[in-house]
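In what follows, a single structure is set out as structure tokens and then discussed.
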């Protein structure tokens, strides 16, 4: 069955670079895109970006200058890297298969000094 | 960016009630091929969002038929025919017709 699982550090310092991994199973990254969605604590959902089946990417302009999404198809993994972290980047980060039908459990990231 | 406006933000109900949630977009969500990429999710407390309806009115696998969706262009409705306790949580609409994809602010379905 389709599964996605995020992994990464839970606590980050301001100005550091966040690296998250989404490991997928039950589908191929060359057949479906994978997107990242962020949810600040107690708030709503924000699309951050998507890497498409062909390998191209689209990003939300609000984070585009700091965000990079890449993948390793041989390992069925999608990567999120976001630099210059600030406390407002705190929240739960989800990866989801496009068209956002299956989601990972999410990983909570706290940015604090 | 397409702004998705959900109303109401809070919807107190009694079990067995019918519930309706509105989602309005700032521009048409109809794609050039005729598809409308408007989807509905439920996020229960402490859980990940789960897809209920995709492309306006199509129920996702395992979703009960008490959930239905309708609408076109810029105005969409999610209806729950008889609310059950497992339906409580926050409902979000998502448009994936236009980049950047955008969610509504959420509607909290809670008990009176």
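Computed from the coordinates by the stated procedures, all read-outs in this text should not be read as laboratory data. Treat the numbers as computed from the prediction; the structure is a model and nothing was measured. Here the Cβ positions follow ideal geometry from the backbone for every residue, glycine too, while neighbour counts run over all protein chains shown.
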request  = Mind telling me which of the residues B:99, B:94, B:48 ends up being touching a strand residue (DSSP E or B) at 6+ places or on another chain (Cβ under 6 Å) and within 19 Å of residue B:7 (Cα to Cα)?
outcome  = B:94
message = Looking at residue B:79 and the list (1) within 11 Å of chain A (Cβ to nearest Cβ); (2) within 15 Å of the chain's Cα centre (by Cα); (3) over 30 Å from residue A:64 (Cβ atoms), which single condition is not satisfied?
response = (1)
query = Looking at A:48, A:82, which is the one that is touching a residue at least 12 places away in the same chain (Cβ under 8 Å), surrounded by 16 or more Cβ atoms within 10 Å (Cβ to Cβ) and within 14 Å of chain B (Cβ to nearest Cβ)?
reply = A:48
ask   = Could you list, in sequence order, the residues of segment B:82-96 that are within 12 Å of chain A (Cβ to nearest Cβ), part of a loop (DSSP other than H, G, I, E, B) and either under 12 Å from the mean Cα position of the chain (by Cα) or surrounded by fewer than 18 Cβ atoms within 10 Å (Cβ to Cβ) (or both)?
value = none
query = Which of the strands (runs of 3 or more DSSP E) contained wholly in segment B:24-73 include at least 3 residues that are surrounded by fewer than 19 Cβ atoms within 10 Å (Cβ to Cβ)?
reply = B:67-72
